[in-house]
1. From the alpha carbon gyration tensor of the stretch 256-359, can you work out the equivalent ellipsoid semi-axes (sqrt of 5 times each eigenvalue) and give them in Å, largest to smallest?
2. Any idea what % of Cα-Cα pairs in the chain are farther than 40 Å?
3. Which lysines, if any, have their Cα less than 30 Å from the Cα of Lys181, not counting same-chain residues under 8 positions apart?
4. Taking Rh as the Kirkwood radius computed over C-alpha pairs, what is the Stokes-Einstein D of the stretch 190-232 at 20 °C in a medium of viscosity 1.002 mPa s, expressed in µm² per second?
5. Whats the longest run of the chain with zero trypsin sites (Lys or Arg not before Pro) that are DSSP loop and have at most 11 other Cβ atoms within 10 Å?
6. Can you give the relative contact order of the stretch 25-161 as a percent, counting alpha carbon pairs under 8 Å and 6+ residues apart?
7. For Gln141 and Gln336, what does the FRET efficiency come to when R0 = 51 Å and r is the distance between their Cβ atoms, rounded to the nearest 0.05?
8. Run through every distinct alpha carbon pair of the stretch 197-300 and return the Kirkwood hydrodynamic radius in angstroms, one decimal place.
Amino acid sequence: MIKNLSVVITILFCVQSFAQKADSSPYSALGIGTEIESKTVEEMSMGGIGTAGLNGQLSFSNPASYASFTLIRYTVAAENRAIWFNDDNGSDNSSNAYLSYLGMGIPLGDKAGFAFGLQQNSTIGYTISENTYDENDELIQAGLYEGDGGSNRVFFGLGYEVIKNLSLGIEGKYIFGKTEKSVISQTRDIHLATKYKIEGGANGFGLKAGVIYKKEIKPSLFVNLGTSIEFENDLETDADEYLYSVSLSGAESPRDTILDVRSKGIYRTPLKTNLGVSIGNPLKWSVAVDYSFRDPIEINGNLVGHNPKLQYDNASKFAIGGYYVPRYNSISSYWQRVSYRAGVRLENTGIMVNGSDTGSEFTSINDYGISFGLGLPIGRFSKIDTSFEYGQLGTTSNGLTKESYFNFRVALAFGDKWFNRRQIN
């Protein structure tokens, strides 16, 4: 038990790693940044499914799944995200590695369990240059847009089997974070540039509830139905806004301050509904389908005035995935005990952007990806989960940027029994 406690303490000390830069996408400049869905590496390797449960594994998709814990489960995960950008001006690439989540699940008897942890909620990380030329192709104005930061969420959830095969769950979360965004603009023949900077943070609470029903339709073949509801929540943003002139000769040197105010804003996420169904023999194979939808996000205050080219629409996501284990109890072959996983997802992010300098046409930003991964056993109850995902976000039409990305995720998922009664002295 002491050994297990030391592992948990070590994981908790790793929280400081959440301060690392985790994004390079120009779309992270919008709203509170690129939102990160609450999913484990195991779930992401199957397209992001999980609303119908994962047979006693730690899952972030549905708090009702916590009722199925039979072991102490704790996990830590990291991710490397490589992105290739393409737009009308050419191409570029970037890569970031970071810690993505910490989590722990504990059974409470035979019918209940709870889980808690820390995850990334959103990320901001971009550097965008914008130049304006005259009819002689001479530079008349240059702009530089930069942003960094993001938000995290701490969650605590409880699941309980109210009657046989029917489990309910509830989960609360607190979201917090710091961000910094700036715009530097300089016009030809003017000695000083102007810089607008906004430094601030976001915080708020959220609540999620879930239900899972399991039905054995014939020996060793189960159908699971699951749903979870993420209730409407508000994130409050509180920021200091500055506008001042700067000299860009050598190091940046601030001059006259034009604006220095404190502002507030609201980022309102409407109710989100997640539906899932799975079928399979939990020890050998399973196939699942998830679908989620929500109304448009609402923003006001300091999140609105500086994003005139941003709108929100209804969002939805469809995912299908599954796993196969050739022989979970094989003694002769390690690779027959490995879980082989794959999945596909299609998502309408609900983000609409007007990327052109003229006109008012807004383009929907869609995201799709294919993924696969392995669950590699290490010991009796523990494993290493991996996920490889290739996807595309956005489009090059209407002056926008298309991103092709490759995500590699890895998680150490430990399982143990801490409080077993000693059988032999």
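Read-outs: derived from the displayed coordinates by stated rules, not from any lab. Because the structure is predicted, anything quoted here is derived from the model rather than measured. Glycine also receives a Cβ, built like all others from the backbone with ideal geometry; neighbour counts cover every protein chain displayed.
1. Values: eigenvalues 432, 56, 38 Å².
After diagonalising the Cα gyration tensor, the semi-axes are 46, 17, 14 Å.
2. Details: 21048 of 90100 pairs.
Everything past 40 Å amounts to 23 percent.
3. Straight-line reach from Lys181, under 30 Å: Lys21, Lys39, Lys173, Lys195, Lys197, Lys264, Lys272, Lys309, Lys317, Lys402.
4. Details: Rh = 16.0 Å.
Rounded to a whole number, D works out at 134 µm²/s.
5. Details: sites that count: Lys164, Arg188, Arg380, Arg421, Arg422.
Result for the longest clean stretch: 189-379.
6. Dividing the mean separation by the residue count of the stretch 25-161 yields 26 percent.
7. Details: r = 64 Å, r/R0 = 1.25.
With R0 = 51 Å, the Cβ-Cβ based efficiency is 0.20.
8. 18.3 Å is the Kirkwood radius here.
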